[in-house]
Ligand code: BTN
């Protein structure tokens, strides 16, 4: 494991020389990256920001399940460390009472074999005035008095466990994701990468991990939960 007092982005650092089964942790990121080319900003000392480099050992057609599986692992880790009630919003946002507490940025890099860089950002000790956007929250705001080390110590083994499960039985992990994903059954707005907006009811997750909304099947996008259908 490498621990950096400051890094641009742990995903960026991990990608410079990706080594399977390594962890890159930053006490603070100066250029944290989010999904869909967004930034991920947190004040120093408040968030757990790290990247795990793994060889998931998956067939290419199962790689799209990896971001979903990681969401289940982070949810498990947060429940264990902080005792909070966490929901998963497709594809891999973790919500507490509808507000985002953690996000995941998964990137595939080619080393001697394809490796996944799993970047995880968890809002641990942010106060309301620290929140980068009003739709975010933190474990502290949710009433959990827990430090970043305890969260890290719960999330890393949960990640190991889900990767083992995904390797041996991807369909079972997908089934678990379907039963836990809070997006299913909701009316949603999906902001697609090309700028289009799709509105409809999320009816399921297909076998490639894509979200089904009405007649459309979505592989990437930013989902807003409007209300229960
Ligand atoms: C998102 O929800 O948009 C994903 C956020 C991912 C943030 C984490 S923090 C650690 C790792 N390094 C980064 O630059 N991003 C991820």
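What residue, of 162, 141, 122, is out of contact with any strand residue (DSSP E or B) (no Cβ under 9 Å at 6 or more places or on another chain) and within 19 Å of residue 79 (Cβ to Cβ)?
162
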Look at residue 138 and say whether it is under 25 Å from residue 6 (Cβ atoms) and within 9 Å of the ligand (Cβ to nearest atom). no
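I'd like to verify a number: residues in segment 1-31 that are in a strand (DSSP E or B) and touching a helix residue (DSSP H, G or I) at 6+ places or on another chain (Cβ under 9 Å), how many? So that I can check it myself, show each step before the final result.
First, pick out the residues of segment 1-31 that are in a strand (DSSP E or B): 2-4, 7, 22-26, 29.
Among the residues that remain, those that are also touching a helix residue (DSSP H, G or I) at 6+ places or on another chain (Cβ under 9 Å) are: 2, 4, 7, 22-26, 29.
Of the residues in that region, 9 qualify.
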Of the residues that make up segment 83-96, is at least one touching a helix residue (DSSP H, G or I) at 6+ places or on another chain (Cβ under 6 Å) and farther than 21 Å from residue 186 by Cβ? no
I'm told residue 147 meets every condition in (1) under 18 Å from residue 48 (Cβ atoms); (2) crowded, with 21+ Cβ neighbours inside 10 Å except one. Can you identify the failing condition by its number? (2)
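Only one residue in 87, 20 is more than 10 Å from the ligand (Cβ to nearest atom), surrounded by fewer than 23 Cβ atoms within 10 Å (Cβ to Cβ) and under 20 Å from residue 111 (Cβ atoms). Which one?
Working: 87 fails: under 20 Å from residue 111 (Cβ atoms).
Answer to the check: 20.
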Given the conditions (1) crowded, with 19+ Cβ neighbours inside 10 Å; (2) near the ligand (Cβ under 10 Å from one of its atoms); (3) in a helix (DSSP H, G or I), and given that residue 50 satisfies all but one, which numbered condition is not satisfied? (3)
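Could you look through segment 90-103, keep only residues that are part of a strand (DSSP E or B) and within 8 Å of the ligand (Cβ to nearest atom), and pick out the one that is nearest to residue 65 (Cα to Cα)?
To start, the set of residues in segment 90-103 that are part of a strand (DSSP E or B) comprises 93-96, 99-103.
From the residues that got through so far, the ones that are within 8 Å of the ligand (Cβ to nearest atom) too are 93, 100, 102-103.
Numbers: 93: 14, 100: 21, 102: 18, 103: 16 Å.
Across segment 90-103, the extreme among qualifying residues is 93.
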Inside segment 165-181, the number of residues satisfying the requirement of being surrounded by fewer than 18 Cβ atoms within 10 Å (Cβ to Cβ) and in contact with a strand residue (DSSP E or B) (Cβ under 6 Å, 6 or more places away or on another chain) is 2
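If you scan segment 182-202, which residues turn out to be within 30 Å of residue 161 (Cβ to Cβ) and surrounded by 15 or more Cβ atoms within 10 Å (Cβ to Cβ)?
Residues satisfying the conditions are 182, 183, 184, 186, 188, 202.
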Residue 76 surrounded by fewer than 22 Cβ atoms within 10 Å (Cβ to Cβ) and either assigned to a strand (DSSP E or B) or without any contact (Cβ under 8 Å) to a residue 60 or more places away in the chain (or both): no
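Which ones in segment 61-72 are touching a strand residue (DSSP E or B) at 6+ places or on another chain (Cβ under 8 Å) and either away from the ligand (no atom under 16 Å from the Cβ) or modelled with pLDDT under 95 (or both)?
Across segment 61-72, the qualifying residue is only 63.
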Segment 32-46 - residue that is more than 7 Å from the ligand (Cβ to nearest atom) and assigned to a loop (DSSP other than H, G, I, E, B) and, of those, nearest to residue 192 (Cα to Cα): 41
From 71, 81, which residue is in a helix (DSSP H, G or I), in contact (Cβ under 8 Å) with a residue 40 or more places away in the chain and within 12 Å of the chain's Cα centre (by Cα)? 71
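Just the residues that are assigned to a strand (DSSP E or B) and touching a helix residue (DSSP H, G or I) at 6+ places or on another chain (Cβ under 6 Å), please, taken from segment 178-221. Show your work before the answer.
Filtering segment 178-221 down to residues assigned to a strand (DSSP E or B) leaves 181, 186-191, 197-205, 211-213, 216-218.
Result: 205, single match.
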Please determine, by comparing only the residues of segment 2-17 that are touching a residue at least 24 places away in the same chain (Cβ under 8 Å) and within 22 Å of residue 91 (Cβ to Cβ), which one is farthest from the ligand (Cβ to nearest atom). 15
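The values are calculated or read from the model by the stated rules, or taken from the named source; none is laboratory data. Note that the coordinates shown come from a computational prediction; the quantities given were computed from them, not determined experimentally. For neighbour counting, all protein chains shown are included, and Cβ atoms are generated from backbone atoms with ideal geometry for every residue, glycine included.
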